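In what follows, a single structure is set out as structure tokens and then discussed.
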Amino acid sequence: MQTGPDDELTIGEVSRRTGVSVSALHFYERRGLIASRRNGANQRRYPRHMLRRISLLIVAKRLGIPLGDVGRVFTGLPLDHAPTHEEWQGVSRTWKRHLEERRHAIERLERELTGCIGCGCLSMKACLLLNPDDALQGQGPGPVRLRVGEPPQENDRTAPLPR
């Protein structure tokens, strides 16, 4: 049987084609990341172009990209019809920028952690993990200077030394 681009898929077919569980497809749909319509028997039917969106969700998950970030990237893609070449190109450029930012943040984190863990000194002047007198408490929980994707916050008493 030949299929066309306008043929719709059942949720079971989408699950088999993508390897994504039915419950995960429901979750993605509730989050607005994918969409289906209901047929006369109230069964979900997915347009074939959802397979590409789901594939991108799978890749993003493997890379540890939060669904909120994926959703922001997907805002440039329509849910109600297959995206045009230009729309996919726009999303591709957005993904590229996003991945470059993540790569730079991970490289920065790697440099900082290698230096800190490698020396083991917990220097009162240079260590990014040290937080004397809890001076960074107002900047949020956890190792605020090591947050991936965010520039380190400067603080007079605890700012890292220039590199």
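Quick note: the coordinates plus some simple rules give every number you see, no bench work behind them. None of the values given here were measured: they were computed from a predicted structure. Cβ atoms come from the backbone with ideal geometry, glycine included; neighbour counts cover every protein chain shown.
The table below lists the values:
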{"read-out": "Point-charge dipole on Cβ atoms (K/R +1, D/E -1) for segment 34-117, about Cα centre, debye to 20", "value": "460"}
{"read-out": "Scattering curve values for segment 41-89, log₁₀ I(q)/I(0), Debye with Cα scatterers, q = 0.15, 0.18 Å⁻¹", "value": "-0.46, -0.63"}
